[in-house]
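The values are calculated or read from the model by the stated rules, or taken from the named source; none is laboratory data. Predicted model only: the values in this text are computed from it and were never measured. For neighbour counting, all protein chains shown are included, and Cβ atoms are generated from backbone atoms with ideal geometry for every residue, glycine included. Just the protein is used for accessible areas: all its heavy atoms, side chains included, with ligands, DNA and RNA removed. Shrake-Rupley method; radii C 1.70, N 1.55, O 1.52, S 1.80 Å.
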Amino acid sequence: MGSAESVQPRILQLDDIKDASVGGKAYGLARLRAMGLDVPPAFVVQNAQADTFPQQLAEAVAGLKASALAVRSSALGEDGAEASFAGQYETVLNVRGFDAVCAAINECVASAASERAVQYLQDNLEGQSCVMNVVVQSMVDARCAGVVFTADPVSARRDLLVIDAVAGLGEALVSGEATPDHYEVDLSGTVIKQLCVHENPLLTARQIKQIAEQSRAAAEHEGQPLDLEWAIDQDGVLHWLQARPITTLPADLNEFDTVLPRPGDVLTISNVSEMMPGAVSPLTGSFTGWCIDYGLQDMQVKVGARQAIEPQWQITAWAYGHLFLNLSGNVVMSSAVLGSNAEQTAQTLCGRIVPELKEFPPQPLWKQVINTGKLLRYALRAPAVVEKFGEELAQFRIAEQDTSLAMWQEIEGHLHFYEHAMAVHIQSSALSGFLSSIVESMVSGGSYDNSNEDQAEAVALLAGATGVESALMLEQLDALVDEVAAHPEVQQRFIEADPVAAQQWLESCTPISSQYRAFMSAHGHRGYRELCMRDPAWVDDPQPLIQSMRAAVRGRHIGGGQGLHQAPQIDWDKLSRGLRWVLPKAHNAIRRREHTKSQLVEVAHRYKIAFRHLGRLLEQEGALPDADLVNFFSIAELARIVPNPQPADVELAQQRRLALDYQQRFEFPEISVGIPAPLQPEVLSNTDGVLVGRPASRGVAQGIARVAHTLEEAAQLQPGEILITPITDIGWTPYFSLIGGLVTDLGSSVSHGAVIAREYGLPCVVNSRSGTKVFATGDHVRVDGDTGRVERLDGEQQ
């Protein structure tokens, strides 16, 4: 392309514009007009130059037949997909008369040489030269005006459309001089959020609908989210003034959303969020997420509830980067066997009855009888299956290779073993929830909707299981913390040392180091988000474990720490004959579940090591800029990309990594009908400061609340504080020796937090639903693990 001075300025009508050589702003207007949207009359001065005007300029200005004009820059690259240039070049409004138009064009041309514009060009388009074009457009006598984003630029949600509106011209909005009315519209056209400056909204429901429908049609036509400016004139007519791509969005947050088997399926974040809290990368979602679904489908096939394993997800779901459990998919099982129903399924998985969950039409009685026999056989065969799997696991290896292609072929040849491991774990643990719910039902006299007192009694009975692997891990960890706390140099070398030095001391100090190595040898494959391919295990990155141990040791030193609690002995003579028969079987099921969970995590850890090595090889070979990007391809994509990586693949993976940061911020309701939608940020009104959840560990505790959503926040725990958190997994375990009680938003009596709280004798309430929102760090709270009641004391709130 020649320089700006070598090509004379000329005038183009919007209908004559065919490409972006006139700049993004002019091209956007032409595209809107071509779609049939109402665009005020305009023309473009292509290759505009100071004091050099096309001969037809006066005629073109007169042809607009407008008393006032808007003269706007449309430089090459401006309002493009790579950079917006927002505010870098000049816009002149209310231009009246030919001489004023010429002066405004000169002003736009001169703005291209401003210091800020030159620097922006250098930073965003590698110093490309500026070719200035200028749009001259009829002004709209606006009653109100504003902008609409067809994707929310703040949350990056492409299913949300955002409208901002101000009275009069939209320039007051762009300049920040006026506070706009704000509207958020979902894909159904429903306004889910409306914040108005004054009592009367600027936009009617019809106008919101019109703006949303037309802007979404434009975005669909362009194949990308758009940022559009609009104005509504005094007669109520909607005009479109500008359209440009939204340049700040990461990859589509819903790119990997799965399709539900039925549109009205009921989904929950309970249960699965213990294994995988938060959003997951494409690798984890496509691998671990699918394997969970595979294992659950495998169970249903084996008991006759399903004919075959479907390649589409049936019992789990993936949306906005988060994994969910499909309760309706689980109820498919209830319709196929005797003695099971939607209420029991909900109690087992969510710790409560879910009214939204409906039964499926039952299979014929004769078939239910046969399937119930299959279910019993499936459960009774679990010990033999687990024993055989132990032998298979001992032989399982993923060998490191020297090239990325060879490494991928090695991984690909072993992918099915993860599905198999998941199926074994589900078979070994399926009976645990079922038998636990039977115990609760027997305690409550046959009702699944039992009282909190009944729940607490059932919890105490189930806590009598001995030899549980997670409890054995706790004993070893507790003994290690005691040993460290008793060392004379612990204050200087461990508590007050920087994290790296504390780890080095732990690994070298005799005899603590041998005890530490023994613990890591047995449990180093465990950690936070254990089934996530991206998150390291303790043995790979000991720092999270070290950090929590330091907090526990500090608690021991100031007298607030506590050791494991000996569960009260069960008085078997006082139990009914039925309970004496079923309770030992429930205890055995708990032991099997915890054992195969550890085995499953060990398998996942071996895959983590393999994928990490694959990423390093791809980085060494120049295919990826860093090894971590391997986590941002799905399993199916890796089969294509590893042999033939392309720059576009790398760019997409980088955009997906940015998207994960947005997805991690989302929170979801416990129960959703259909595809879940993120919760809108809100402050709950709870003036009495009382919640009632599900009692999970008996006892009463009072103390200062510590609301923690992450392990980093949990590191601030002080001895005796009440931990209030959405959910816990094994990575939170070391903090249990420090806290005085536990409250979780989610969970049931067999959740990780409930099980560990019972081991430590901590009062625990699960399924509070909104504890992390109602209470704040610093509140003085009381937790009653007998009744499930959590309350702020004396109305105190920090």
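Things to note:
- Positions within segment 345-387 being within 19 Å of residue 262 (Cβ to Cβ) and among the polar types (S, T, N, Q), in sequence order: 345, 363
- Of the candidates 615, 689, the single residue that is within 30 Å of residue 769 (Cβ to Cβ) and either crowded, with 19+ Cβ neighbours inside 10 Å or not charged (D, E, K, R) (or both) is 689.
- Verdict on residue 162 being touching a helix residue (DSSP H, G or I) at 6+ places or on another chain (Cβ under 6 Å) and β-branched (Val, Ile, Thr): no
- Of residues in segment 297-350 being of a type in the set (Phe, Trp, Tyr) and assigned to a loop (DSSP other than H, G, I, E, B), the one most open to solvent (accessible area, probe 1.4 Å): 313
- Breaking point among (1) touching a Pro at 6+ places or on another chain (Cβ under 7 Å); (2) open to solvent by less than 50 Å² (accessible area, probe 1.4 Å); (3) at pLDDT 95 or above; (4) within 23 Å of residue 655 (Cβ to Cβ), for residue 239: (4)
- Highlighted here are the helices (runs of 4 or more DSSP H) found entirely within segment 701-778 that include at least 2 residues which are free of Cβ contacts under 8 Å to residues at least 60 places away in the same chain: 711-714.
- Taking segment 216-253 as the range and being without any contact (Cβ under 8 Å) to a residue 60 or more places away in the chain and either of a type in the set (Lys, Arg) or on the phi > 0 side of the Ramachandran plot (or both) as the test, only 223 passes.
- For segment 628-649, a residue qualifies if it is part of a helix (DSSP H, G or I) and more than 22 Å from the chain's Cα centre (by Cα), and the qualifying residues are 638, 639, 640, 641, 647, 648, 649.
- Residue-level check: of (1) open to solvent by less than 70 Å² (accessible area, probe 1.4 Å); (2) over 23 Å from residue 236 (Cα atoms); (3) more than 23 Å from the chain's Cα centre (by Cα); (4) not charged (D, E, K, R), residue 202 misses just (2).
- Residues considered: 149, 85, 98. Of these, the only one that is at pLDDT 90 or above, aromatic (Phe, Trp, Tyr) and under 44 Å from the mean Cα position of the chain (by Cα) is 149.
- Selection within segment 755-773 - out of contact with any Pro (no Cβ under 9 Å at 6 or more places or on another chain), closer than 21 Å to residue 354 by Cβ and crowded, with 24+ Cβ neighbours inside 10 Å: 767, 768
- Single residue of 229, 255 found to be among the acidic types (Asp, Glu) and surrounded by fewer than 17 Cβ atoms within 10 Å (Cβ to Cβ): 255
Yes/no matrix, rows are residues, columns are (1) open to solvent by 20 Å² or more (accessible area, probe 1.4 Å); (2) at negative phi; (3) modelled with pLDDT of 90 or more:
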site	(1), (2), (3)
125	no, yes, no
135	no, yes, yes
141	yes, yes, yes
154	yes, yes, no
158	yes, yes, yes
163	no, yes, yes
169	yes, yes, no
190	yes, yes, yes
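- Any hit, segment 203-226, residues being at pLDDT 95 or above, among the small types (Gly, Ala, Ser) and under 30 Å from residue 627 (Cα atoms): no
- Test: residue 549 is under 30 Å from residue 629 (Cβ atoms) and modelled with pLDDT of 90 or more: no
- Where a residue in segment 662-673 is in contact (Cβ under 8 Å) with a residue 24 or more places away in the chain and surrounded by 19 or more Cβ atoms within 10 Å (Cβ to Cβ) and its partner, wherever it lies, is of a type in the set (Phe, Trp, Tyr) and in a loop (DSSP other than H, G, I, E, B), with Cβ under 7 Å and at least six apart: 663/320; 666/320
- Here residue 554 passes the criteria (1) of a type in the set (D, E, K, R); (2) out of contact with any Pro (no Cβ under 8 Å at 6 or more places or on another chain); (3) open to solvent by 60 Å² or more (accessible area, probe 1.4 Å) except the one numbered (2).
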